[in-house]
Amino acid sequence: MSGLDWSASHWFEADAQVKEGLASGKLDKSFAAVPADDAIARTKAAIEAKTWTCEVVADKAHALEAIKKFIPKGATVHNGASTTLREVGFVDYLKAGEHGWDNLHAKILAEQDPAKQTTLRRQASLAEYYLSSACAVSEQGDIVVVDLTGTRVAPFAYDAQKVVVVIGANKITKDYDTAVKRTNEWCLPLESARVRVAYGVPGSAINNFVAIRGPNPWGGQGRFHVIIVKESLGY
(Lines give C-alpha, C1' and ligand atoms only; values in the text may rest on other atoms or scores of the structure.)
Protein backbone atom coordinates (compact mmCIF):
# COMPACT_ATOMS: atom_id res chain seq x y z
CA MET A 1 0.00 0.00 0.00
CA SER A 2 2.86 2.38 0.81
CA GLY A 3 4.02 2.39 -2.82
CA LEU A 4 0.70 3.64 -4.15
CA ASP A 5 0.11 7.20 -5.32
CA TRP A 6 -1.63 9.13 -2.51
CA SER A 7 -1.23 12.56 -4.15
CA ALA A 8 -4.18 14.92 -4.46
CA SER A 9 -4.01 14.78 -8.27
CA HIS A 10 -4.40 11.01 -8.10
CA TRP A 11 -7.70 11.28 -6.21
CA PHE A 12 -8.98 13.89 -8.68
CA GLU A 13 -9.46 11.00 -11.12
CA ALA A 14 -9.36 7.85 -8.97
CA ASP A 15 -12.07 8.66 -6.41
CA ALA A 16 -15.65 9.04 -7.63
CA GLN A 17 -16.72 11.33 -4.79
CA VAL A 18 -13.77 13.67 -5.28
CA LYS A 19 -14.29 13.69 -9.04
CA GLU A 20 -17.96 14.56 -8.58
CA GLY A 21 -17.10 17.27 -6.04
CA LEU A 22 -14.69 18.92 -8.46
CA ALA A 23 -17.18 18.75 -11.32
CA SER A 24 -19.98 20.27 -9.24
CA GLY A 25 -17.80 22.98 -7.73
CA LYS A 26 -18.32 21.67 -4.20
CA LEU A 27 -14.56 21.11 -3.97
CA ASP A 28 -12.60 24.31 -4.58
CA LYS A 29 -9.53 23.34 -6.59
CA SER A 30 -7.92 26.70 -5.83
CA PHE A 31 -6.88 25.13 -2.52
CA ALA A 32 -4.36 23.09 -4.54
CA ALA A 33 -2.79 26.18 -6.13
CA VAL A 34 0.57 27.64 -5.13
CA PRO A 35 0.18 31.31 -4.14
CA ALA A 36 2.30 34.24 -5.28
CA ASP A 37 5.71 34.81 -3.72
CA ASP A 38 4.45 37.76 -1.67
CA ALA A 39 1.94 35.53 0.14
CA ILE A 40 4.71 33.05 0.93
CA ALA A 41 6.90 35.89 2.19
CA ARG A 42 4.12 37.22 4.45
CA THR A 43 3.58 33.75 5.88
CA LYS A 44 7.27 33.28 6.59
CA ALA A 45 7.47 36.68 8.30
CA ALA A 46 4.40 35.94 10.43
CA ILE A 47 5.80 32.57 11.54
CA GLU A 48 9.09 34.19 12.53
CA ALA A 49 7.23 36.95 14.38
CA LYS A 50 5.80 34.22 16.63
CA THR A 51 9.43 33.37 17.62
CA TRP A 52 9.39 30.21 15.49
CA THR A 53 11.66 29.51 12.52
CA CYS A 54 10.81 29.11 8.86
CA GLU A 55 12.59 28.42 5.61
CA VAL A 56 11.31 28.47 2.05
CA VAL A 57 12.67 25.94 -0.44
CA ALA A 58 12.19 25.56 -4.16
CA ASP A 59 11.12 21.93 -4.43
CA LYS A 60 10.76 18.50 -2.84
CA ALA A 61 14.44 17.62 -3.11
CA HIS A 62 15.46 20.78 -1.28
CA ALA A 63 12.82 20.09 1.38
CA LEU A 64 14.39 16.72 2.17
CA GLU A 65 17.84 18.28 2.34
CA ALA A 66 16.49 20.93 4.71
CA ILE A 67 15.11 18.23 7.02
CA LYS A 68 18.39 16.32 6.99
CA LYS A 69 20.30 19.49 7.84
CA PHE A 70 17.94 20.56 10.63
CA ILE A 71 17.83 17.35 12.68
CA PRO A 72 21.12 16.37 14.38
CA LYS A 73 22.52 12.86 14.45
CA GLY A 74 21.41 10.84 17.46
CA ALA A 75 18.13 12.72 17.93
CA THR A 76 14.92 10.87 18.70
CA VAL A 77 12.58 11.32 15.73
CA HIS A 78 8.90 10.54 15.28
CA ASN A 79 6.55 11.43 12.45
CA GLY A 80 2.85 11.58 11.74
CA ALA A 81 1.23 10.02 8.69
CA SER A 82 1.66 12.53 5.89
CA THR A 83 1.31 12.49 2.13
CA THR A 84 3.59 15.53 2.01
CA LEU A 85 6.38 13.73 3.88
CA ARG A 86 6.04 10.86 1.41
CA GLU A 87 6.19 13.21 -1.56
CA VAL A 88 9.38 14.95 -0.41
CA GLY A 89 11.07 11.57 0.13
CA PHE A 90 11.29 11.72 3.91
CA VAL A 91 9.43 8.45 4.57
CA ASP A 92 11.68 6.44 2.27
CA TYR A 93 14.76 8.15 3.69
CA LEU A 94 13.67 7.33 7.23
CA LYS A 95 13.00 3.69 6.35
CA ALA A 96 16.43 3.34 4.70
CA GLY A 97 17.98 3.83 8.13
CA GLU A 98 21.09 5.75 7.09
CA HIS A 99 20.15 8.97 8.87
CA GLY A 100 21.74 8.38 12.27
CA TRP A 101 18.52 9.23 14.15
CA ASP A 102 16.65 7.15 16.71
CA ASN A 103 13.55 6.29 14.64
CA LEU A 104 10.71 5.91 17.15
CA HIS A 105 8.10 5.30 14.46
CA ALA A 106 9.94 2.17 13.34
CA LYS A 107 9.86 0.83 16.89
CA ILE A 108 6.10 1.36 17.03
CA LEU A 109 5.56 -0.54 13.78
CA ALA A 110 7.85 -3.37 14.89
CA GLU A 111 5.82 -4.00 18.06
CA GLN A 112 3.13 -6.64 17.50
CA ASP A 113 1.37 -6.38 20.86
CA PRO A 114 -1.42 -3.73 20.53
CA ALA A 115 -1.18 -2.60 24.17
CA LYS A 116 2.59 -2.20 24.00
CA GLN A 117 2.29 -0.43 20.66
CA THR A 118 -0.11 2.09 22.21
CA THR A 119 2.39 2.74 25.00
CA LEU A 120 5.16 3.28 22.46
CA ARG A 121 2.98 5.76 20.56
CA ARG A 122 2.42 7.76 23.72
CA GLN A 123 6.13 7.75 24.50
CA ALA A 124 7.02 8.69 20.91
CA SER A 125 4.94 11.86 21.14
CA LEU A 126 7.69 13.12 23.47
CA ALA A 127 10.30 12.87 20.71
CA GLU A 128 12.99 15.49 20.40
CA TYR A 129 11.87 16.06 16.80
CA TYR A 130 8.37 15.38 15.51
CA LEU A 131 7.68 15.76 11.78
CA SER A 132 4.36 16.20 10.07
CA SER A 133 2.55 18.38 7.62
CA ALA A 134 -0.50 20.50 8.40
CA CYS A 135 -3.88 21.07 6.83
CA ALA A 136 -3.26 24.78 6.47
CA VAL A 137 -1.00 27.62 7.53
CA SER A 138 -2.45 31.12 7.36
CA GLU A 139 -0.58 34.21 6.24
CA GLN A 140 -0.74 35.26 9.90
CA GLY A 141 1.22 32.14 10.88
CA ASP A 142 -1.63 30.05 12.31
CA ILE A 143 -1.02 26.30 11.95
CA VAL A 144 -4.08 24.05 11.66
CA VAL A 145 -3.77 20.29 12.08
CA VAL A 146 -6.44 17.64 12.58
CA ASP A 147 -6.78 13.88 12.81
CA LEU A 148 -9.09 10.98 13.56
CA THR A 149 -7.30 9.31 16.48
CA GLY A 150 -5.29 11.97 18.28
CA THR A 151 -1.89 10.47 17.51
CA ARG A 152 -1.01 13.23 15.03
CA VAL A 153 -2.20 16.28 16.94
CA ALA A 154 -0.81 15.39 20.40
CA PRO A 155 2.86 16.19 19.62
CA PHE A 156 1.81 19.50 18.05
CA ALA A 157 -0.01 20.79 21.11
CA TYR A 158 2.66 20.18 23.73
CA ASP A 159 4.49 16.87 23.80
CA ALA A 160 7.30 17.01 21.24
CA GLN A 161 10.34 19.16 22.00
CA LYS A 162 10.51 20.47 18.41
CA VAL A 163 7.92 20.19 15.67
CA VAL A 164 9.01 20.30 12.03
CA VAL A 165 6.07 21.18 9.79
CA VAL A 166 6.60 20.57 6.07
CA ILE A 167 3.98 22.10 3.79
CA GLY A 168 3.49 22.68 0.12
CA ALA A 169 2.82 26.37 -0.47
CA ASN A 170 -0.67 25.36 -1.63
CA LYS A 171 -1.56 25.01 2.06
CA ILE A 172 -1.10 28.72 2.69
CA THR A 173 -4.40 30.57 3.22
CA LYS A 174 -5.17 34.26 3.44
CA ASP A 175 -6.41 34.04 7.05
CA TYR A 176 -7.38 31.70 9.89
CA ASP A 177 -11.02 31.33 8.82
CA THR A 178 -9.90 30.20 5.37
CA ALA A 179 -7.47 27.76 6.98
CA VAL A 180 -10.40 26.18 8.82
CA LYS A 181 -12.45 26.16 5.62
CA ARG A 182 -9.62 24.50 3.71
CA THR A 183 -9.34 21.84 6.40
CA ASN A 184 -13.03 20.95 6.36
CA GLU A 185 -13.86 21.40 2.70
CA TRP A 186 -10.65 20.30 0.96
CA CYS A 187 -8.43 18.20 3.22
CA LEU A 188 -11.19 16.04 4.67
CA PRO A 189 -12.70 14.91 1.33
CA LEU A 190 -9.27 14.05 -0.06
CA GLU A 191 -8.16 12.23 3.08
CA SER A 192 -11.47 10.36 2.95
CA ALA A 193 -10.59 9.23 -0.56
CA ARG A 194 -7.29 7.88 0.74
CA VAL A 195 -8.77 5.94 3.66
CA ARG A 196 -11.44 4.40 1.45
CA VAL A 197 -8.61 2.63 -0.36
CA ALA A 198 -6.16 2.23 2.51
CA TYR A 199 -8.59 0.95 5.14
CA GLY A 200 -11.80 0.09 3.32
CA VAL A 201 -13.91 2.53 5.36
CA PRO A 202 -16.49 5.06 4.07
CA GLY A 203 -14.36 8.08 4.93
CA SER A 204 -12.35 9.91 7.54
CA ALA A 205 -13.53 12.37 10.21
CA ILE A 206 -12.14 15.36 12.08
CA ASN A 207 -12.29 14.09 15.64
CA ASN A 208 -9.39 16.21 16.87
CA PHE A 209 -8.69 19.80 15.82
CA VAL A 210 -5.66 21.81 16.93
CA ALA A 211 -4.86 25.38 15.93
CA ILE A 212 -1.41 26.59 16.95
CA ARG A 213 -1.82 30.36 16.89
CA GLY A 214 1.13 31.45 19.00
CA PRO A 215 4.01 30.18 21.11
CA ASN A 216 3.80 28.91 24.66
CA PRO A 217 4.97 31.95 26.69
CA TRP A 218 6.86 29.57 28.99
CA GLY A 219 9.30 27.92 26.63
CA GLY A 220 7.62 28.01 23.24
CA GLN A 221 10.24 30.06 21.41
CA GLY A 222 11.73 28.18 18.47
CA ARG A 223 9.63 25.08 19.08
CA PHE A 224 8.15 25.07 15.57
CA HIS A 225 10.21 24.96 12.40
CA VAL A 226 8.17 25.35 9.22
CA ILE A 227 9.51 24.34 5.82
CA ILE A 228 7.48 25.87 2.99
CA VAL A 229 7.97 24.13 -0.36
CA LYS A 230 7.11 26.19 -3.43
CA GLU A 231 5.16 23.31 -4.95
CA SER A 232 1.67 21.85 -4.54
CA LEU A 233 2.03 18.95 -2.09
CA GLY A 234 -0.30 16.82 0.01
CA TYR A 235 -3.90 17.78 0.60
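The values are calculated or read from the model by the stated rules, or taken from the named source; none is laboratory data. These figures come from a predicted structure and were not determined experimentally. Neighbour counts run over all protein chains shown; Cβ positions are idealised from the backbone, glycine included. Accessible surface is based on the protein model in full, side chains and every heavy atom, while ligands, DNA and RNA are left aside. Shrake-Rupley method; radii C 1.70, N 1.55, O 1.52, S 1.80 Å.
Brief remarks on what is shown
- Proximity of backbone amide H atoms, modeled 1.01 Å from N, is registered between LYS162 and TYR129, TYR130 at under 5 Å, excluding neighbours fewer than 5 places apart on the same chain.
- Violating pairs (Cα-Cα greater than 25 angstrom) within the set LYS50/LYS95; LYS107/LYS230; LYS60/LYS116; LYS50/LYS174; LYS44/LYS162; LYS29/LYS68: LYS50/LYS95; LYS107/LYS230; LYS60/LYS116; LYS29/LYS68
- Here the Gaussian network model covers the chain, with springs between Cα atoms less than 10 Å apart; of GLY25, GLY141, GLY100, GLY25 fluctuates the most.
- Between the C-alpha center of the stretch 93-114 and that of the stretch 145-181 there is a gap of 23 Å.
- In the full protein context, the chain carries 47 Å² of accessible surface per residue, based on a 1.4 Å probe and ignoring ligands, DNA and RNA.
- Rg over Rh [alpha-carbon atoms, Kirkwood Rh] for the stretch 41-80: 1.03
- The stretch 20-35 and the stretch 60-90 have Cα centres separated by 28 Å.
- Förster radius 30 Å - calculated FRET efficiency between GLU13 and ASP38 (Cβ-Cβ, nearest 0.05): 0.40
- Calculated P(r) tail over 26 Å for the chain, as whole % of Cα pairs: 34
- Carbon plus sulfur fraction of accessible area for the chain, probe 1.4 Å, in percent: 53
- Alpha-carbon Rg/Rh ratio, for the stretch 128-235, with Rh computed the Kirkwood way: 0.96
- Summed over qualifying helices (DSSP H, 4 residues or more, each -39500 (n - 2.57)) and divided by its residue number, the chain shows a 222 nm mean residue ellipticity of -10500 deg cm²/dmol.
- Largest first and in whole Å, the equivalent-ellipsoid semi-axes of the stretch 24-112 read 29, 19, 12, each the square root of five times a Cα gyration tensor eigenvalue.
- Inter-label distance, nm, simple model (7 Å from Cα along the C-beta direction), ASN207/ASP5: 3.1
- Two-decimal ratio, the stretch 1-71, of alpha-carbon radius of gyration to 2.2 N^0.38 Å: 1.50
- Residues of type aspartates and glutamates that LYS26 reaches as a straight line, Cα spacing below 20 Å, ignoring anything fewer than 8 places off in the same chain: GLU13, ASP15, ASP177, GLU185, GLU191
- Computed over the chain with a Gaussian network model linking Cα atoms closer than 10 Å, the most mobile of GLN112, GLN123, GLN161 is GLN112.
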